[in-house]
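Here the structure is laid out as structure tokens; the discussion comes afterwards.
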Amino acid sequence: MISFSWHYLDGDGVNKDYVKANKYFERAAELGESFSKVQLLRGFQTKLNKRKKKVSDHFILYLDIMGYQNNIKKHTENQYLNKINNFINYINHNQANVKDLYNFFMSKPMHIKTKIFSDNIVIAIKKTSKELDNILSLDFLIKLSAIFEFDGFLENDIIIRGSITSGNLYMTSKFIFGDGLIKGYFLEDKVADYPRIVVDNKVADYIMNNKASEYIYTVDKPISEIKKFFLKLMENLKSTELYKENNYELQSLVKKYCNVIELLENYNPNDKLDSSNKEKIYALLKGWLEELESEQTNIFMEHENIYFVNHLFMALNTRLYPFEMIRLLLRKYKLRIEANLDMAMQNTNKNYSLCRGYEISNELEFQKIYKVWDKFCKLANYYNYYCDLFPGFLDEYKISY
């Protein structure tokens, strides 16, 4: 009986089958085969148990690329393939860039799982026992979603809708499973309605009621890591248009970071900060986290008890763009929305403008057009809301429809 077990375990003359191997191992034990062989059985069962998969709690960003089928029909397949491929490469590039600064504060580097299937993208981060890690992981996903939503539409004309939630998930390069995926899909498909990233109410409450800066003194890094963090901050700030335009506040901040780096040069890279300097340097780190938190009032918008990411604020204001740059980008964004509104009308094969009240006789055709047109009207409403945040400065950039 034991020989059958090894045949199925090793694939000797038969296909490998762990279930059958286990069955014959158990039968051999029941027949009283030698103690050593029973020990082998126990060892095998231990290995088999380790192969059993378990779900775990994650924060989840679920994205859907809208108009996927129509775009494949409209473009040649290779054209649209390259457009999607550029967007996926952009996602991977931004993940790497954004997470570096977050990783400094975390107990261990953020482990991001990404799964792309058809027109859906899932990005997940496993929750940990460390509250600071969880707060920053969630903030990271929110910022990432805003960048994807804004830049994907502006640069690639890729329109996304999605959700941010939390729940159980099991995820590998080949397989994804769990109620977190179902929640993410439900929020995207049934709640989001038009191009935006909706946020699970519990997740929104969690991040608005928790402050990363409260945990700053739990972060205890060697000198080399602190220095690396401030060098990265300086590099980011120096690359902004505001810094190049000699903005006084930014230049003063960079000078502070330079002073910190000079101070750290006197230490052994593997040492920890002494108490006299820790408070001063960690005050700057705390300030950086507080800056993240000051943005949180603008992270979410709420309409009819639905929270969603204020992606224009997150993508424009938190990147320190000068106001003229914001105006240029908004103009381009406006033209994109207007082009999509026009496209919804052109799909009728008529040259009449729906919003100007021309009659469309076919009711089914009307409903189909109206559904697409209505989604972009809602996006235009949100865009106009953002313009209203700056009265007198962006009035001419608003969309009329």
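The values are calculated or read from the model by the stated rules, or taken from the named source; none is laboratory data. For clarity, every value in this text was computed on a predicted model and none was experimentally measured. When we count neighbours, we look across all protein chains shown, and the Cβ atoms used for this are built from the backbone with ideal geometry, even at glycine.
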So for region 222-234 (the condition being farther than 22 Å from ASN103 by Cβ and in contact with a Pro (Cβ under 9 Å, 6 or more places away or on another chain)), does at least one residue qualify? no
Taking first residues from region 272-285 that are among the charged types (D, E, K, R) and second residues anywhere that are loosely packed, with under 13 Cβ neighbours inside 10 Å, the pairs with Cβ under 7 Å that are 6 or more apart or on different chains are LYS272/ASP220
Would you confirm whether any residue within region 206-216 is within 21 Å of LEU144 (Cα to Cα) and hydroxyl-bearing (Ser, Thr, Tyr)? yes
Near pairs, Cβ below 8 angstrom, 6+ apart or cross-chain, from region 252-265 (at pLDDT 85 or above) to any residue that is part of a helix (DSSP H, G or I) and among the polar types (S, T, N, Q): LEU263/ASN277
Subset of region 206-232 (residues that are closer than 21 Å to SER294 by Cβ and assigned to a loop (DSSP other than H, G, I, E, B)): ASN210, LYS211, VAL219
Turns out the strands (runs of 3 or more DSSP E) fully within region 44-147 with at least 3 residues that are surrounded by 20 or more Cβ atoms within 10 Å (Cβ to Cβ) and of a type outside the set (A, V, I, L, M, F, W, C) are 56-65
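For (1) touching a Phe, Trp or Tyr at 6+ places or on another chain (Cβ under 6 Å); (2) closer than 30 Å to GLY152 by Cβ; (3) in contact (Cβ under 8 Å) with a residue 12 or more places away in the chain, each residue gets a yes or a no:
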{"site": "PRO195", "(1), (2), (3)": "no, yes, yes"}
{"site": "VAL199", "(1), (2), (3)": "yes, yes, yes"}
{"site": "ILE207", "(1), (2), (3)": "no, yes, yes"}
{"site": "SER213", "(1), (2), (3)": "no, no, yes"}
{"site": "ASP220", "(1), (2), (3)": "no, no, yes"}
{"site": "SER224", "(1), (2), (3)": "no, no, yes"}
{"site": "PHE230", "(1), (2), (3)": "yes, no, yes"}
Check on GLU293, part of a helix (DSSP H, G or I) and loosely packed, with under 15 Cβ neighbours inside 10 Å: no
If I filter region 180-193 for residues that are of a type in the set (Val, Ile, Thr), in contact with a strand residue (DSSP E or B) (Cβ under 8 Å, 6 or more places away or on another chain) and within 30 Å of GLN79 (Cα to Cα), do I get at least one hit? no
Restricting the search to region 151-184, which residues are under 15 Å from the mean Cα position of the chain (by Cα), modelled with pLDDT of 90 or more and in a helix (DSSP H, G or I)? GLY180, LEU181, GLY184
